[in-house]
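Quick notes on the structure that follows.
The values are calculated or read from the model by the stated rules, or taken from the named source; none is laboratory data. What you are looking at is a predicted structure, and each value in this text was computed from that prediction instead of being measured. Positions of Cβ are backbone-derived with ideal geometry, glycine not excepted, and every protein chain shown enters the neighbour counts. All accessible areas refer to the heavy atoms of the entire protein, side chains included, with ligands and DNA or RNA removed. Shrake-Rupley method; radii C 1.70, N 1.55, O 1.52, S 1.80 Å.
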Amino acid sequence: MLNRLFIVVGGVAILAIIALFALPFFVDWSAYKPRLEAMVSEALGTEARVEGDIYFTLLPQPHLKADTIVVGPAASPLVEIEAVEAELVLTDFLRDRYSVSSLTLNRPKLYFSVDADGQFAVPLAMPETVSATNVSVEDAAIANGEIHLTDGRSGAKWSLTGFDGSLQMGGMRGPFSLNGTGMFDDRPHIVRVNTSARNAADELQVAAFARAADEGYSITVDGLLSTRGRLEFAGSTTLRQTPAQVESADGVRGDLVFTSQVEANTERVLLTDFTVEPDENRPATRLTGAAVLNLGASPNFDAVVSSGVIALPPREASADAVIEPYEVLRLLGELPAPIVPPLPGRIGLDITELDLRGLSLRDVRLDAETDGEVWLVENFLARMAGNAQLSLE
C-alpha cells in the first residue's frame, strides 16, 4: 500500500514538472507586455515599449526573449534594441530579484544629445540609492551596437558604430564596465570604460581608455563625473600619438605625449595645467601651459604655452655634408610641421631660448590664430646674438 502511495506521489510530481516545462508553449506571452513594460519603465524612470514578440520559460532556468524594445519618448527615443535574450538566476527570480547571468543585446542603439541650453538630455530617473535596485547584469554580450551623440547648439554629430563587446552592471546605479571594439571616424577603435556605483550625490568615478586599432593614438581619462543637473567632470587625461613609420633610422621619433588636469562640462573644457612632449625620447624638450576649449554653437579654443629651452638635435657626424642653397631651407625642412586643430582658436607661445643649431633665439614670443585650416602668425618676436631684435608680422 505504501509503495503504491509513493508511486502515485511520484507520478503526480513528474506530471507537475512536465507541466511546468510544457506550460510556456501554451501561454500567449504577448498579454504580459504591459507588465514587462511597466517593470522596465519603473526601473529606468522613463517610458519603455516592447514593440515585438516576447517569449518566456521558467525552468530549468528563467529565459526571456523579446524583440524591438524602445526606451524613452516616442518622438526622441534614448535606446532602441532589435532583440534581447536573457537568462536569470532562478533562486533570485523567485525572490523578486532580477540577476541576469547571461544577456545578449542585438543591434542596440543609444542616442545622447546636448540641447540648445547646454543640458545633457537623458530622460532617465535612476533609483535614489544603490539598495533600491533589484536588477544586476553579470555578463552582457553586445552585437553590432551604436552610440550617437548630437550637439543641438552647433549641429555636430559623433557616432560609434559596429560595436561588439561586453557589459557588466552591478545595479541600475552601477558599477558599470564596458569593453569592446567599434568604428569611430572610419577607424576601428578599442574602448574600455569602468565606473564605480553612483553615490548619494550622483557622482561616480570613471576610468576610460580608447585606442585606434592601428595604434596611431590613444587617450586615457580618469576622474570624478557628476551627473546631478549639468554633467561635470574633474580629473586627468593623457593623449599619446605615434609618429608615422619611417624607412631610415635618421627619422625615428618618439611618441607625442600630452598630459593635463581637466575640468569639463557641456559649456567648456578647461585644461588647467598641461605638459606636451613632442618627442618622448627627448624629455628635456617639453612645453607647458593652459588652455580652454569653448563648446556651443561656435566651438573654439584659446591656449597659452611656454617652455624653457628647445633645441634641435645635432646632425649626424656621418651625414652627407652637401650644402643647401640656403641654410634656412635646410632648417625649415627639419622642423616638424605645426599641428592644425580642426576648429578655430588662438595660441600664445613663450620660449626662453630656441636653439636652431647655427642660430639661437632668446625671449621668443609667438601669437597666432587659426580658422581650422591654416595658421596666421600675427607677430613673432625674439632677441638674437648681440641683443639684436627680430620681429615678424
- In terms of the ratio Rg/(2.2 N^0.38 Å) built on C-alpha atoms, what value belongs to segment 168-286? 1.27
- Between the modelled labels at E267 and R187 (7 Å from Cα along Cα→Cβ) the distance in nm is 3.2 nm
- Calculated from backbone phi, Karplus (6.51, -1.76, 1.60) coupling profile of segment 208-217 in Hz, x at Gly/Pro: 10, 9, 9, 9, 5, 4, 7, 6, x, 7
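Run the accessible area of segment 183-278 with a 1.4 Å probe and give the carbon-and-sulfur part as a rounded percent. If you can, show how the numbers build up before the last one.
Details: 2860 of 5500 Å².
Looking at segment 183-278 in its full context, I get 52 percent from C and S.
I want the local charge near Q119. Using Cβ-Cβ distances under 13 Å, sum +1 for each Lys or Arg and -1 for each Asp or Glu among the other residues.
Working: positive: R153, R228, R230; negative: D115, D117, D151, E232, E267.
Summing Lys/Arg as +1 and Asp/Glu as -1 gives -2.
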- Note on the structure: Taking every other residue with Cβ under 13 Å from the Cβ of P342 and scoring Lys and Arg +1, Asp and Glu -1, one gets -3
- Starting from the Cα of K33, draw a straight line to each of the lysines and keep only those under 28 Å, dropping any in the same chain fewer than 8 residues away. K65, K109
- Query: Which ³J(HN,Hα) values in Hz, rounded to whole numbers, follow from the phi angles of segment 68-84 under the Karplus curve 6.51 cos²θ - 1.76 cosθ + 1.60, where θ = phi - 60° and Gly and Pro get x?
  - Reply: 6, 9, 10, 10, x, x, 4, 6, 9, x, 8, 9, 10, 10, 5, 7, 10
- Task: Rounding to the nearest 20 debye, state how big the charge dipole of segment 165-205 is about its Cα centre with +1 on each Lys and Arg Cβ and -1 on each Asp and Glu Cβ.
- Result: 140 debye
- For segment 138-280, whose charge dipole is built from +1 on Lys and Arg Cβ atoms and -1 on Asp and Glu Cβ atoms, the candidate among M169, I190, W158 with its Cα farthest towards the positive end is M169
- Task: Could you list which residues have their amide H under 5 Å from that of G348, counting only those 5 or more apart in sequence or on another chain, with H placed in the peptide plane?
- Result: A303, V304, V305
